[in-house]
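Before any comments, here is the structure.
The values are calculated or read from the model by the stated rules, or taken from the named source; none is laboratory data. Remember, it's a predicted structure, so these values are computed and weren't measured experimentally. Cβ coordinates were reconstructed from backbone atoms using ideal geometry, including for glycine residues, and neighbour counts include every protein chain displayed. When the accessible area is computed, the model is the full protein with side chains, heavy atoms only, and any ligands, DNA or RNA have been set aside. Shrake-Rupley method; radii C 1.70, N 1.55, O 1.52, S 1.80 Å.
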Amino acid sequence: MDKRWKKFDQLTGDCYVNMISGNPGTEIWGKTFSILEDIVQDEKKKTPGFAQTLDDLEESVDYRCDICGWLEDYLDELDMHNQHAELERVCRKLLAWFPCEEIYAVNWRAMLAGSLSGQGKFKEAVALGEKWFAKEPENPQAAVTLIYARIAAGDLDGAEAIVNQFIYPETECGDENEIIFRAAEVLYKKNGNHKEEKRIGNILEKYEEEVERLLEELDFGDELDFDDFDEEELPFS
């Protein structure tokens, strides 16, 4: 095992110590990513096709390092500290490194678009969202990414056009489309449509109450058996 992995593993622990300290920042996180960057790029030079997904990368070190979890937290830290330029760079690196990644790439694309908007690169953010949505028109995350990009760019009518493709007067909020409803609430607050903002807000409130009710009914001391619930009772079905 490359000794750099041991250093990476050690520094990931330091990152979380830093996170809960009184002086949090992203410097130690960036240092840790630099080590990961060196390892991955060296391995890909030596072995074409190395680690096409994050799981492949973790498997290459026998799952001794929580690379997936740490990367997710690193991106969140960059986002929280408004480090938009670095967030863009890291997201682009990850998308280039892991071309076959499906699960985590959804979040990377969304955060990449957000980082572009955060830097005032509105046209690039919209173009990214449009390209993704054109490829996956039924993907709620692709839709939401485009909605937020258009809102940031000031194209509120364009954002509403996407919302209207997913939300109709009779549409109910569930686990799969909750993010669309939340984006719609942001949109209607932005464009001053208080009637729709209130309607969407009420639907989200009802959805949250249903989720809370279901969780309260579950006995977490026992093994969960969702067969005991009718599908209609599950708000995330």
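Below, the figures for the structure above:
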quantity	calculated
Answer residue from segment 13-60, given it is among the polar types (S, T, N, Q), over 18 Å from residue 3 (Cβ atoms) and open to solvent by less than 70 Å² (accessible area, probe 1.4 Å) and is farthest from the chain's Cα centre (by Cα) among those	47
Filter result for the condition that a residue is open to solvent by 10 Å² or more (accessible area, probe 1.4 Å), in a helix (DSSP H, G or I), in contact (Cβ under 8 Å) with a residue 24 or more places away in the chain and of a type in the set (A, V, I, L, M), over 85, 96, 113	85
Looking only at segment 63-80, and only at residues there that are open to solvent by 60 Å² or more (accessible area, probe 1.4 Å) and in contact (Cβ under 8 Å) with a residue 24 or more places away in the chain, the one that is farthest from residue 27 (Cα to Cα)	64
Hits in segment 132-166 (condition: within 25 Å of residue 82 (Cβ to Cβ) and among the charged types (D, E, K, R))	150, 155
Condition broken by residue 150, with the remaining ones in (1) under 28 Å from residue 27 (Cβ atoms); (2) charged (D, E, K, R); (3) touching an Asp or Glu at 6+ places or on another chain (Cβ under 9 Å) satisfied	(1)
